[in-house]
Structure formats: structure tokens, C-alpha cells
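What follows is a single structure, written as C-alpha cells, with notes after it.
Each value in this text was obtained by applying a stated rule to the coordinates, not by laboratory testing. As the structure is a computational prediction, the values presented were derived from the model and not from experiment. Glycine gets a Cβ as well: all are built from the backbone with ideal geometry, and neighbour counts include every protein chain shown.
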Amino acid sequence: MPFHFQRLRIPDVILVQLDRFEDDRGFFAELYKRSAFSAAGISPPFVQCNYSHSSEGVLRGLHYQKHAQAQGKLVMAIRGRIFDVAVDIREGSSTYGDWVGETLSSDDGRMLYIPPGFAHGFCVVSPEADVIYHVTEEYAPELDRGIIWNDPDINVHWPITDPVLSPRDAHLPPLREADNNFVYRPEEGSG
């Protein structure tokens, strides 16, 4: 099987390890196969693919898109290294306000699946990083929201202390003040 799926401490967030088929020319890897992802519990189709390029110390996030166009994300560093974070923002979830983070690198063939109901962010821990992420809903600016990266109630242990932020990201609210319409429903996840 070209994929290995590992549920993290928050079980709805899934680390995906790719199998790379290497030889003296380089390597080949499948990035996505609907049947394999569906069998692992990742069934919504991906409808948009985004690409970002960032320098060391850049932090993007914590972002989410509200219902009715909430996005699941499949994130991969295709160059460089990032620390990728998912925060459970589903009211009523046993892991509400908790976070998980993983280092993703172009060298390791790992991706992170972050379902709807989670805020997402990453920081760059290499000189540069290129990141692609597939999403399950198209971008809807009227539903785009976020949470401040250093919310003390969430207490993400970022590997950087003085990130480079966009003006928008620098002024996002904490989770307790965020415009958030996610409510945990047991049939939608195991959180």
C-alpha cells in the first residue's frame, strides 16, 4: 500500500506517510488515492489545491473556514520544513481547544490531514518552504476566520518565538472571542 495512516492524539487529525519508490533517478510517490484515503476515514473529495512559498520564521495561521463551506485540508511540504498545527475548535468536543503538531519536510514524505472543525497553521523552520494543501471546499472569503497564533488558552508550543506574521494574522482574536460555528457531533468524528 502506498500510504500509511496514523491517527494522532486528537484522533480526527491523521498523519499520512507516503511510500516512495526510489532508484538512482530519484523517486516516485502517489500523493492521493481516493480509495485508500476513504478506507482510512478521509472521504470528502478535494476540490481546490493551494500553494504557498514562505521564508524562515514565517507563521501562517491559525485559519479556518466556517460552515457551510468548512474546509478539510491535506498539507504537505514539497520543499523545506514546516511545523504544522491543528487546533480542535468544535464546541462540545472532548479535545476542544487542544492542539497537535507535526514537522513535515520535503525529505520525509509525510502529510497531515486536518478535518473541518479545526484551525490550521504552520511555521517555517528551514530557510524557505513550499507547501501545498488540498482542501475539501473552495475558498469563501466571507467565511474565512482565524485565531491568534499565541492564544495562551491553546498554548501551542511553536518552535519559534518571534514569527513573521501578516497584518491580518497579527490581529486575530483568541479562541474564546473567535467567530466560530463548529459544534462537535459524535457521528462526524471521534474527538
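Averaging the sequence gap over all C-alpha pairs within less than 8 Å and six or more residues apart, then dividing by the number of residues, gives region 1-146 a relative contact order of 34 percent.
Taking other Cβ within 10 Å of each residue's Cβ, how do Leu18, Leu112 sort, fewest first?
Numbers: Leu18 18, Leu112 26.
By the 10 Å Cβ count, ascending, the order reads Leu18, Leu112.
Label sites at Arg34 and Asp162, each approximated as a point 7 angstrom past Cα along Cα to Cβ, lie 4.9 nm apart.
Evaluated with a Cβ-only charge set (Lys, Arg +1; Asp, Glu -1), region 71-150 carries a dipole of roughly 120 debye about its Cα centre, given to the nearest 20. Each helix, a run of at least 4 DSSP H residues, gives -39500 (n - 2.57); summed and divided by the residues of the chain, these come to -1000 deg cm²/dmol at 222 nm. Phi angles of region 56-68 translate, via the Karplus equation with coefficients 6.51, -1.76, 1.60 and θ = phi - 60°, into HN-Hα couplings of 4, x, 6, 10, 10, x, 8, 10, 7, 10, 5, 4, 9 Hz per residue; Gly and Pro are given as x. Each of Arg9, Arg20, Arg81 was scored by other Cβ atoms within 10 Å of its Cβ. Arranged with the fewest first, they read Arg9, Arg20, Arg81.
Taking neighbour Cβ counts within 10 Å as the exposure measure, how do Arg145, Arg110, Arg34 sort from fewest upward? Numbers along the way, then the final one.
Details: Arg145 17, Arg110 20, Arg34 11.
Listing Arg145, Arg110, Arg34 from fewest to most nearby Cβ atoms yields Arg34, Arg145, Arg110.
Based on the Cβ-Cβ distance from Arg25 to Gln48, what FRET efficiency comes out when R0 is 35 Å, to the nearest 0.05? Provide the component values of the computation, followed by the final result.
On the way: r = 31 Å, r/R0 = 0.90.
For Arg25 and Gln48, the calculated efficiency is 0.65.
Shown here for region 83-145: GluC sites (Glu not before Pro) in loop regions (DSSP other than H, G, I, E, B) with at most 11 other Cβ atoms within 10 Å, namely Glu138.
Can you give the relative contact order of region 54-122 as a percent, counting alpha carbon pairs under 8 Å and 6+ residues apart? All intermediate terms of the calculation are to be shown ahead of the outcome.
Values: 123 pairs, mean separation 31.1, N = 69.
Relative contact order of region 54-122: 45 percent.
Each Lys and Arg Cβ is given +1 and each Asp and Glu Cβ -1; about its Cα centre, the chain then shows a dipole of about 260 debye.
Could you tell me what percent of the DSSP beta bridges with both partners in region 78-191 are antiparallel, to the nearest 5? Show your work: numbers first, answer last.
Values: 15 of 16 bridges.
Taking every DSSP beta bridge within region 78-191, about 95 percent pair in antiparallel fashion.
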